[in-house]
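The values are calculated or read from the model by the stated rules, or taken from the named source; none is laboratory data. What you see is a predicted model, and the numbers here were worked out from it, not measured in a lab. Ideal geometry is used to build each Cβ from the backbone, glycine not excepted, and the neighbour counts take in all protein chains shown. These area figures cover heavy atoms from the full protein model, side chains too; ligands, DNA and RNA do not enter into them. Shrake-Rupley method; radii C 1.70, N 1.55, O 1.52, S 1.80 Å.
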Amino acid sequence: MMSNGFEPKIVGFLCNWCSYTGADLAGTSRIKYATNLRVIRTMCSARIDPTFILKALLEGADGVLICGCHPGDCHYVEGNYKAMRRYPLLKRLLDAYGIENERVQLEWVSASEGRRFAEVVDRMTEQIKALGPCKVRTALAFDMAER
Amino acid sequence: MDTPKIGVYVCNCGTNIKKVVDCDEVAQQASEQPGVVCARSYKYMCSNPGQEMIIKDIQEQGLDRVVVSACSPRMHESTFRGALAKAGLNPYFLEMANIREQCSWVHTDPRAATDKATDLTRGAVRRVVFHEALEKRFVDMCPATLVIGGGITGLTAALELAESGNQVYLVEQSGRLGGNLANVDLTAPYLDSARDLIRERILRATRNPNITVFLDAKVESLDGYVGNFKAKVASAGGTVPVEIGSVVVATGYKPFDASRVKAFGHGTNPNVITSFEFEAMLRKGRILTDKGRPPRYVTVIHCVGSRSEEFHPYCSRVCCMTALKYGQEIKSALPDAFVYDLYIDMHAFGKGCEDFYKQASEIRTIFMMFQKNTAPQILPGGPKDDCEMFLRVDDKLSGEEVDIPTDLVVLMVGMEARDDSAEVARLVNISRDKDGWFIESHPKLDPVATTTDGVYIAGCCQSPKDINESVAQARAATARIMAKIAKGRIEVDAVFAEVNQDDCSGCRVCNDLCPYGAIDFNSETRRSNVISAMCKACGACVTACPSAAIKGRHFTDEQIFAQIEGVL
Ligand code: SF4
Ligand code: SF4
Ligand code: SF4
């Protein structure tokens, strides 16, 4: 790596119709952004299970980005609302584990927003860099073993 | 499960991937993953030799899982699934890693990009282990089509389908067919009569027994899936249910409201009119100012609402040539009149258009160029002047500020997405871009299909277009539909959700969750059940089921968990 600074790994869950297409558009438009994101495609943001996010953090992700269509624009009518509703609950759960809120972010990116997608990734990467590595992995692993 | 035998294929895409990602290293790293029996880096995976290579490995090495690290799966997943099928392997044993659109094209640091491509490939390798063979699903194709919009695009689509013997329901929201084109006099650049173009089509459509026309009508609902949609069409005659296999959205555009550009005073100054108001004068054959006399000076202003920071950033495409057409129509009606043409840039891109531009200069249209994001200023004429007003223009060509005498100003209003475009998009389940135009499946390779199978878009509802482009799109959409009709039965994706009846507690949490009403509750067994043909695999029910009784085929928890482990 060029700097000896911390390069976080971020897992991104992107819905197929809007956000994944938007990320592809960033590519076809050759818009450059940070290399830290690893994308996993789901059909709809409503499929993104809180356990996926916990699993990613547990496996060593320093951040998790969830992207879906803008409210009102979901390919599956209202799947993104379902994702949105789950999100505050998840945040509370993370708080309970002492995981910084900014490590898990929810963003709406439409199929035409390639540039916005790149900006979201850059912004989040900077935020996670500032936070440093996710230390709670150990705490979380301990707690899960307890149950 | 037996140990899988995975083949990994890392595509260079010529230099598209290779110039940033070290494809050999990605393949090398992949070959060390458990289960990987061969890993290759190759120039063009989607080419015939590329696909043959996969087929040969499947047959000779007994591969039962394939990972292709290449472009977006949205681009070539079906290509590679085809290759697997050809080799006798179930096509769902494929997983793609997107190392082009989401890696080599967006990164410049070869080390970091190679690491990312390696991670994404590892994610795919881990995931593909858990893939399952899914059987093909076929559904019947209803040969009828719903066409929404009765302008030139919708009429063309309807005629094309109906004249090939298929039933069409043509739904027009206004009281007459013809759309915006019915309000136009002549067309550019060949000066054909719009009335002739459209009238003949309206006659043919209304006389064709295969076309049912609904006027003053609206599609109230659309349910179902490709080949098997059900719609409700509401009109004065009540609400009629129709069954169709495909939908063509041809809802067109709305002319820009010129009064929004305050500087021009449209709506308050009666001698400032829009291009559509001017078309009406031309059709009546009476070009007159509000005082009822023929104008001596006519000024045409381009890009009203288009190519502007304040209104719409895009070019509306047809206004430049229409403005030139006005020069010709004015000169033939009023040979002594002066025509000023104020433009930002002259876009004469189409066939015959450059010649048309030349003709306009020959008839002595006076061209002046003004600065983008500025507007020529209107000054009232005095009692001694021989004109109604003056237009003050900062002419970029001469570098001088000039006041041009004017009796009538024609504003070339651009096109904008219709007010109901959001509603229509939701009705047929397609997306809109930032300007409100409907989004096509692929801008170059799939211009009339959408992300909803069986729903096509054509004409100006997708973006501004001229008549020939709109007609071409209408015909393209109908060709797609007729290809499906010809097959009779169509293959649909084998990906859907299913309920494990033994695990279902009958809590019914999933029942209201499904956006497509695909979940049925059996009151006898007190278990829920997914009607697979109606399921669109969003996975909402999978995530929500408290008993983990629902499996999202091809998007199972274990597949996604494995991928998460792989990318980290
Ligand atoms: S498979 Fe995709 S990445 Fe490879 S050559 Fe073809 S288009 Fe390029
Ligand atoms: S949510 Fe799960 S348990 Fe409840 S009815 Fe649906 S399938 Fe059965
Ligand atoms: S996956 Fe989505 S579409 Fe399919 S049954 Fe479940 S909620 Fe309905």
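The table below lists the values:
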quantity: Under the Karplus curve 6.51 cos²θ - 1.76 cosθ + 1.60, θ = phi - 60°, whole-Hz ³J(HN,Hα) for region B:45-50, x wherever Gly or Pro sits; calculated: 5, 7, 5, 4, x, x
quantity: For region B:71-178: span of alpha carbons on each principal axis (Å, largest first); calculated: 62, 38, 20
quantity: Cleavage-rule hits, chymotrypsin sites (Phe, Trp or Tyr not before Pro), region B:1-108, DSSP coil, Cβ neighbours within 10 Å at most 15; calculated: B:Y44
quantity: Between helix B:275-284 and chain B: long-axis angle, C-alpha atoms, 0 to 90°, nearest 10; calculated: 60 degrees
quantity: Accessible surface, chain B, averaged per residue in Å² (probe 1.4 Å); calculated: 42 Å²
quantity: Charge sum, other residues only, whose C-beta stays under 13 Å from B:A205's C-beta, Lys/Arg counted +1 and Asp/Glu -1; calculated: +1
quantity: B:H302 accessible area, 1.4 Å probe, all protein chains in place, Å² to nearest 10; calculated: 0 Å²
quantity: Accessible surface, 1.4 Å probe, highest first, among residues B:M534, B:M389; calculated: B:M534, B:M389
quantity: Solvent exposure ordering (accessible area, 1.4 Å, most first) of B:Y190, B:Y314; calculated: B:Y190, B:Y314
quantity: 10 Å Cβ neighbours from other chains, averaged over peptide B:118-129; calculated: 1
quantity: Rg to Rh quotient for region B:188-299, alpha carbon positions, Kirkwood Rh; calculated: 1.12
quantity: Kirkwood estimate for the protein assembly as shown, i.e. one over the average of 1/r between Cα atoms, Å; calculated: 28.5 Å
quantity: Where Rh is the Kirkwood radius over Cα pairs, Rg/Rh for region B:384-495; calculated: 1.26
quantity: Whether region B:1-66 is rounded, prolate or oblate, judged on the alpha carbon gyration tensor where a/c under 1.5 counts as rounded; calculated: oblate
quantity: More than 27 Å apart - percent of Cα-Cα pairs taken over region B:417-568; calculated: 44 percent
quantity: Cα-based reach from B:K384 at 17 Å (exclusive), listing lysines while leaving out same-chain residues under 8 positions away; calculated: B:K291
quantity: If the convex hull is drawn through the Cα atoms of region B:279-384, its volume per residue in Å³; calculated: 128 Å³
quantity: Chain B, accessible surface, carbon-and-sulfur percent (1.4 angstrom probe); calculated: 49 percent
quantity: Relative contact order (%) - criterion: Cα under 8 Å, at least six apart; region: chain B; calculated: 14 percent
quantity: Test item: A:29-36 mean partner chain Cβ contacts at 10 Å; calculated: 4
quantity: Chains A and B together, accessible area buried on both sides, 1.4 angstrom probe, square angstrom; calculated: 4300 Å²
quantity: Which of B:Y42, B:T3, B:A85, positive extreme of dipole for chain B (C-beta unit charges); calculated: B:A85
quantity: Packing-based order for B:519-531, A:117-129, B:65-77, using average beta carbon neighbours within 10 Å, highest first; calculated: B:65-77, A:117-129, B:519-531
quantity: Counting DSSP beta bridges with both ends in chain B, the antiparallel % (nearest 5); calculated: 45 percent
quantity: Alpha carbon centroid spacing (whole Å) that separates region B:231-296 from region B:485-521; calculated: 45 Å
quantity: Fraction of beta bridges assigned by DSSP in the protein assembly as shown that are antiparallel (%, nearest 5); calculated: 40 percent
quantity: Dimensionless Rg over Rh [chain B; C-alpha; Kirkwood]; calculated: 1.07
quantity: Chain B: calculated mean residue ellipticity at 222 nm from DSSP helix runs of at least 4, using -39500 (n - 2.57); calculated: -9000 deg cm²/dmol
quantity: More than 18 angstrom apart: percent of Cα pairs within region B:231-282; calculated: 60 percent
quantity: Electrostatic dipole magnitude of the protein assembly as shown [Cβ: Lys, Arg +1; Asp, Glu -1; Cα centre; debye, to 20]; calculated: 640 debye
quantity: Relative frequency of Cα-Cα separations exceeding 15 Å in region B:125-217, percent; calculated: 65 percent
quantity: Convex hull projection area averaged over all views, region B:1-139, Cα basis, nm²; calculated: 8.0 nm²
quantity: Nearest 10 degrees, 0 to 90: helix B:110-129 Cα axis against chain B principal axis; calculated: 60 degrees
